[in-house]
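S.K.: Got a structure for you, written out below as structure tokens; questions coming shortly.
The values are calculated or read from the model by the stated rules, or taken from the named source; none is laboratory data. The structure displayed is predicted, hence computed values, not measured ones. Heads up, the Cβs are rebuilt from the backbone with ideal geometry, glycines too, and the neighbour counts pull from every protein chain shown. Only protein heavy atoms, including side chains, enter the accessible area calculation; ligands, DNA and RNA are left aside. Shrake-Rupley method; radii C 1.70, N 1.55, O 1.52, S 1.80 Å.
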Amino acid sequence: MKILEDRILAEGRALNEDILKVDSFINHQVDVELMKAIGKDFADHFKDKNITKVVTIESSGIAPALMTAEALGVPMVIMKKQPSKVLNDDLLQTVVTSFTKGTSYELTLSQKFLDENDHVLFIDDFLANGEAATGAIRLIRMVHATVAGIGILIEKSFMPGKEKLTSAGFDVYSLARIKKLDKGKIEFVEE
């Protein structure tokens, strides 16, 4: 998606070979018009997958997932990184290790919002090793819902996440595919 790539080049900051900061338009301050365009692009790509719910993990995936859900005309479900202190009776949990933060957390889903009739589109901001997506897939499968697709804003193509997910049979659609990062340098995969 050219407008996302252009924004990454203009405002993204590669801190090193692993970390890309996009906090001025994706995950701290959110560019609403960009999110609308992202939502439309994901909705167009997955329009024939009979999506009934869009799922994301708090917090950076919420804006693009919401715009995608709006474009598809379906609800959005947010998986939490910390269990609720008041809504514990129907939670499903799995442990996920964050590549960026180097820490593990308990990913939780209230099972009352997904069931075996759902065709789920999972949306996330970054794809590196695929751990967050794999954790989300585990929770989606616990309720016997179908993972109809995975939408990623920024894929770090030099890392194994996409290969891991596509080799497991998932339709992974990435809007910006980064070939290489280095301090002050961002290169995209040419398609």
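S.K.: From the set of residues in the stretch 93-117 that are in contact with a helix residue (DSSP H, G or I) (Cβ under 8 Å, 6 or more places away or on another chain) and in contact (Cβ under 8 Å) with a residue 60 or more places away in the chain, which is surrounded by the fewest Cβ atoms within 10 Å (Cβ to Cβ)?
M.R.: Residue satisfying both the conditions and the ranking: 99.
S.K.: Further question: Does residue 146 satisfy being over 13 Å from residue 98 (Cα atoms) and polar (S, T, N, Q)?
M.R.: On the way: over 13 Å from residue 98 (Cα atoms): yes; polar (S, T, N, Q): yes.
So residue 146 passes the test.
S.K.: Additional query: Quick one: how many residues across the stretch 144-187 are crowded, with 17+ Cβ neighbours inside 10 Å and not hydroxyl-bearing (Ser, Thr, Tyr)?
M.R.: The qualifying residues number 24.
S.K.: Within the stretch 131-139, is there a residue that is of a type in the set (A, V, I, L, M, F, W, C), touching a strand residue (DSSP E or B) at 6+ places or on another chain (Cβ under 9 Å), at pLDDT 95 or above and not in a helix (DSSP H, G or I)?
M.R.: no
S.K.: Identify, from the list 8, 26, 19, the residue that is β-branched (Val, Ile, Thr), surrounded by fewer than 17 Cβ atoms within 10 Å (Cβ to Cβ), closer than 16 Å to residue 178 by Cβ and in contact (Cβ under 8 Å) with a residue 24 or more places away in the chain. If you could, list the steps in order and put the result at the bottom.
M.R.: Details: 8 fails: surrounded by fewer than 17 Cβ atoms within 10 Å (Cβ to Cβ); 26 fails: surrounded by fewer than 17 Cβ atoms within 10 Å (Cβ to Cβ).
Just a single option satisfies the conditions, and that option is 19.
S.K.: Could you pull out every one of the strands (runs of 3 or more DSSP E) wholly within the stretch 7-110 that has 1 or more residues that are of a type in the set (Lys, Arg) and out of contact with any Cys (no Cβ under 9 Å at 6 or more places or on another chain)?
M.R.: On the way: elements: 53-57, 76-79, 91-97, 104-110.
Result: 53-57.
S.K.: Scanning for something closer than 22 Å to residue 27 by Cβ and open to solvent by less than 10 Å² (accessible area, probe 1.4 Å), does the stretch 80-91 turn up at least one residue?
M.R.: So the first thing to find is which residues in the stretch 80-91 are closer than 22 Å to residue 27 by Cβ, and the list is 80-82.
Now drop any that are not open to solvent by less than 10 Å² (accessible area, probe 1.4 Å), which leaves none.
No; the residues of the stretch 80-91 include none that is closer than 22 Å to residue 27 by Cβ and open to solvent by less than 10 Å² (accessible area, probe 1.4 Å).
S.K.: Taking the condition of being within 18 Å of the chain's Cα centre (by Cα) and either in a strand (DSSP E or B) or within 17 Å of residue 21 (Cβ to Cβ) (or both), how many residues in the stretch 160-191 meet it?
M.R.: Counting residues in the stretch 160-191 that are within 18 Å of the chain's Cα centre (by Cα) and either in a strand (DSSP E or B) or within 17 Å of residue 21 (Cβ to Cβ) (or both) gives 7.
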